[in-house]
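First comes the structure, then the notes that go with it.
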Amino acid sequence: MARYTGAVCRQCRREKLKLFLKGDRCYTDKCAFERRSFAPGQHGQARVRKVSDYAIQLREKQKVRRMYGIMEGQFRQYYKRAASDKGVTGEKLLQYLERRLDNVIYRSGFADSRNQARQLVKHNHFLVNGKKVNVPSFLVTPADEISLREKSRKIEAIVDSLEAVARRGVPTWLELDKDGFKTTVKSQPERQEITMPIQEQLIVELYSK
């Protein structure tokens, strides 16, 4: 499966927004975006030029894609599914992204970044309704229970992340049982619970061309 292996801090600088791709490091003064908030490359500090509507739409799509750690082909597939569903396409797209297993694990507090959550899923640390699932893109549904395997409950990275969960908070569509090392999907994610500055309508306009 294709994935981005470059420096993730460049992505935040390119989008001019802290995407929290490195977990706890992003909350410290070691964050590269805090020290160099301009775009990467030799022209990163060049004079700001007027950008087209297409460029604005493209940057919004790239920002969301990088935020969730998804390659272009898979992101486009999510859009096509969202466009064929009933309801507001942009909100449906964000629901698909939020329902990914790696995102649910991150949002529940088992990992301090989506990239770390993706690695934990691939290494068979989590169960969905008691069954092993090692596919990060697995889509959860209401009433699903995601639990940490017994053998994995002493992993330092997971324990530390759970200790810091209060800082990020857990969305109301998820119910975390911290002592039981499990989380339950209570409902579909609501748009207002996605607090990052996302303008999904720009993505819809881009793909509608």
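What follows draws every value from the coordinates through simple rules; no lab data is involved. Note that this is a predicted model, so its numbers are computed, not measured. Backbone-built Cβ (ideal geometry, glycine too); neighbour counts: all protein chains shown.
Starting from the Cα of K131, step 7 Å along the direction of its Cβ; do the same at I155; then give the gap between the two resulting points in nm.
2.1
Residues with amide H under 5 Å of K186's amide H, sequence separation 5 or more or different chain, H placed in the peptide plane at 1.01 Å from N; which?
When sequence neighbours closer than 5 places are left aside, the close amide H contacts are A143, L174, E175.
From zero up to wherever the largest Cα-Cα distance of the range 100-187 sits, split into 5 Å bins and tell me the percent of pairs in each.
Histogram of Cα-Cα distances, whole percents per bin: 3, 16, 31, 30, 17, 3, 0.
Calculate one ³J(HN,Hα) per residue across the range 200-206 by plugging θ = phi - 60° into the Karplus curve 6.51 cos²θ - 1.76 cosθ + 1.60, and present them in order as whole Hz with x for glycine and proline.
After applying 6.51 cos²θ - 1.76 cosθ + 1.60, I find 5, 5, 5, 5, 4, 5, 5 Hz.
Quickly work out the Q74-to-R167 label distance, labels modelled 7 Å from Cα along the C-beta direction, and quote it in nm with one decimal.
For R167 paired with Q74, the spin-label model returns 2.6 nm.
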